[in-house]
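Please read the structure below before turning to the comments.
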Amino acid sequence: MASKKELQEALKDGVINYKEDQVKEASQTAVDEGYPALEMIMDGLAAGMEVVGDLYERHEYFVPEVLMCADALYGGLAILRPHVPKKDGGAIAQVVIGSIQGDVHDIGKNLVKMMFDVAGWQVYDLGRDVPLEKFVEEQLRTDAEVVAMSAMMTTTMLGMRKVIKMIKEKNPNVAIMLGGAPVTQDVAKLFGADGYAESAGNAVAEGIKMISRLREYEKKK
Ligand code: B12
């Protein structure tokens with residue numbers, strides 16, 4: 001029987017070397033062996049994509065390779081995702097999420113979405129390359145407490161500031177969270193966001209903090 005570590009290595013190596021069949025097989029074996037799906041996703045699939053990022057940075061990989069790595073990652077995620085235990089009970093809160101206009105990077109956004117989903121939040125996923133005004137419309141349609149935006153490029157990140165301004169003009173009682181490789185705590189503050197999280201792992205905790213801050217503020221009014 002393959003150990004959890006061996007399977008995580010097989011997932012990581014499969015994403016790095018865009019071996020989709022290897023990733024799917026190791027994912028299915030992990031499920032059959034009852035290993036925690038979330039750990040396989042984060043320490044296997046996502047860890048592999050971190051290395052792909054470095055290879056891209058060093059010009060050893062280019063867009064075609066990175067696309068095949070992303071396909072391998074999604075092949076594994078489709079098998080593992082349904083086995084991430086979901087919190088029972090009603091929706092804790094609602095969140096609108098999406099990758100900002102001009103940005104087709106959605107792996108990170110989808111991992112954040114998964115964390116909110118398994119934590120029992122009602123998630124409205126707008127996908128990727130989301131027109132700026134669409135975030136505003138969807139917040140008004142759903143009355144979601146939180147709007148979470150993802151950007152992976154310094155160019156597209158600038159659109160976040162416009163969305164924050166548009167939402168706050170319509171409804172100042174919405175908590176806005178930012179994330180993505182070029183985004184930092186300082187950028188989030190500068191743009192007027194209410195929260196920032198570096199990874200999917202701490203996005204939900206940040207979401208809960210933002211909501212309780214918002215509710216405190218409303219009580220005082
Ligand atoms: C995969 C990838 C692609 C894939 C995307 C596939 C997909 N379905 O997403 C493809 C091949 C399509 C692609 C295309 C391009 N890419 Co690209 N891509 C990458 C790469 C290698 C990995 C990104 C990734 O998925 N990482 C793995 C995930 C798990 O990590 P993550 O995304 O960082 O997300 C985590 C956190 O950031 C955080 N997070 C993310 N979003 C959010 C949101 C919230 C609310 C919160 C709280 C947290 C959060 O939590 C996540 C999980 O823990 C990065 C390299 C890098 N170092 O980031 C380059 C990178 C992002 N790409 C880059 C570029 C330039 C491009 C292209 C312009 C290349 C080209 N010439 O065509 C195009 C642009 C396409 C477009 N319009 O968006 C640059 C951006 C440079 C910059 N700073 O602006 C990077 C940094 C590479 C580089 N070093 O130059 N890319």
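The values are calculated or read from the model by the stated rules, or taken from the named source; none is laboratory data. Source: prediction; values computed, not measured. Virtual Cβ from ideal backbone geometry, glycine too; neighbours counted across all protein chains shown. The area values use the complete protein model at the heavy-atom level, side chains included, leaving out ligands, DNA and RNA. Shrake-Rupley method; radii C 1.70, N 1.55, O 1.52, S 1.80 Å.
When you look at ALA197, is it at pLDDT 95 or above and either touching an Asp or Glu at 6+ places or on another chain (Cβ under 6 Å) or at positive phi (or both), yes or no? Let's see the steps before the verdict.
On the way: at pLDDT 95 or above: yes; either touching an Asp or Glu at 6+ places or on another chain (Cβ under 6 Å) or at positive phi (or both): yes.
It is true that ALA197 is at pLDDT 95 or above and either touching an Asp or Glu at 6+ places or on another chain (Cβ under 6 Å) or at positive phi (or both).
Those residues that are among the aromatic types (Phe, Trp, Tyr) and closer than 20 Å to PRO182 by Cβ, I need them from region 109-158; list them, please. If you could, list the steps in order and put the result at the bottom.
Residues of region 109-158 that are among the aromatic types (Phe, Trp, Tyr), as a first pass: 116, 121, 124, 135.
PHE135, the sole residue that qualifies.
Across region 23-49, what is the number of residues that are over 13 Å from GLN8 (Cβ atoms) and of a type outside the set (A, V, I, L, M, F, W, C)? Quick ask: steps written out before the conclusion?
Of region 23-49, the ones over 13 Å from GLN8 (Cβ atoms) are 24-25, 28, 31-32, 34, 49.
Checking the rest, the ones that are also of a type outside the set (A, V, I, L, M, F, W, C) come to 24-25, 28, 32, 34.
Final tally of qualifying residues: 5.
Which pairs do you get when a residue that is free of Cβ contacts under 8 Å to residues at least 40 places away in the same chain and away from the ligand (no atom under 11 Å from the Cβ), found in region 202-215, comes within reach of a residue that is open to solvent by less than 70 Å² (accessible area, probe 1.4 Å) and aromatic (Phe, Trp, Tyr), reach meaning Cβ atoms under 7 angstrom, with the pair 6+ apart or on two chains?
none
Results for (1) modelled with pLDDT of 95 or more; (2) closer than 20 Å to GLY127 by Cα; (3) in contact with a strand residue (DSSP E or B) (Cβ under 6 Å, 6 or more places away or on another chain); (4) of a type in the set (Phe, Trp, Tyr), shown as yes or no for each residue.
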| position | (1), (2), (3), (4) |
| --- | --- |
| THR155 | yes, yes, no, no |
| GLU169 | yes, no, no, no |
| LEU178 | yes, yes, yes, no |
| PRO182 | yes, yes, no, no |
| PHE191 | yes, no, no, yes |
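Is it the case that some residue within region 184-200 is in the same structural domain as LYS219 (by TED's automatic domain parsing), charged (D, E, K, R) and closer than 25 Å to MET42 by Cβ? It would help to see each step written out before you state the result.
Taking region 184-200 first, the residues in the same structural domain as LYS219 (by TED's automatic domain parsing) are 184-200.
Those still in the list that are charged (D, E, K, R) too: 186, 189, 194, 198.
Going one step further and asking which of them are closer than 25 Å to MET42 by Cβ, we end up with 198.
Yes.
Residues that are in contact (Cβ under 8 Å) with a residue 12 or more places away in the chain and away from the ligand (no atom under 16 Å from the Cβ), at least 2 per element: which helices (runs of 4 or more DSSP H) completely within region 1-95 meet that?
Numbers: elements: 4-16, 20-33, 37-40, 47-57, 63-80.
Output list reads 4-16, 20-33.
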